[in-house]
Each structure stands twice: as structure tokens, then as C-alpha cells.
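None of the figures in this text is laboratory data; all of them are computed from the coordinates on show. Quantities reported herein were computed from a predicted structural model and do not represent experimental measurements.
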Amino acid sequence: MPEGKRWGQGISTMADKKSDKKHKQQAMEGKSNADVLISSRLKTYYDSIVEEGTPDHFLDLLEKLDAAERAAKEKDR
């Protein structure tokens, strides 16, 4: 027997395996709960941004860009 080891140390029993499985399952459940919470908060945040709409000054800039692109295309013709 290797030094520092006791008899039975390092041997997994059925109870140990069940306990390990239970801890892994609890960790997975905790992780999935965290995932659900994060997912829910991200969706709420996204929805609030969508509801805000596009600011008027940004729409004005887009219109100016479209006008500039149209003018450049007409100039090339």
C-alpha cells in the first residue's frame, strides 16, 4: 500500500457515487436557474430597448445618409 494512504481510501462506494451524482445534479440545477434568471433579465432589457424606438435625431441622420447616397448615384450616371 502506498505511503500516506489508508485502507479503503480512494475507493468509491455506492453511497459516494450517489452523493456525487446528487451534488452534480444540484450544481446543474443551480446553473440552469442562473441561466434562466440571466436569460429573463436579458430579454426584459432587450424588450425595453425595442419599446424605446429609434430616436428622431438618428432617423434624421439616416435620411441624410440616404439622400447623400442617392445624390452620389445620380452624379455617377
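Straight-line reach from K21: which aspartates and glutamates fall under 17 Å, measuring Cα to Cα and dropping same-chain residues less than 8 apart?
E29
Provide, in order from the shortest bin, the percent of all Cα-Cα pairs of the stretch 28-74 in each 5 Å bin, continuing until the bin that contains the maximum pair distance.
The distribution over the stretch 28-74 is 4, 18, 11, 12, 10, 9, 9, 8, 7, 6, 3, 1, 0, given as percents.
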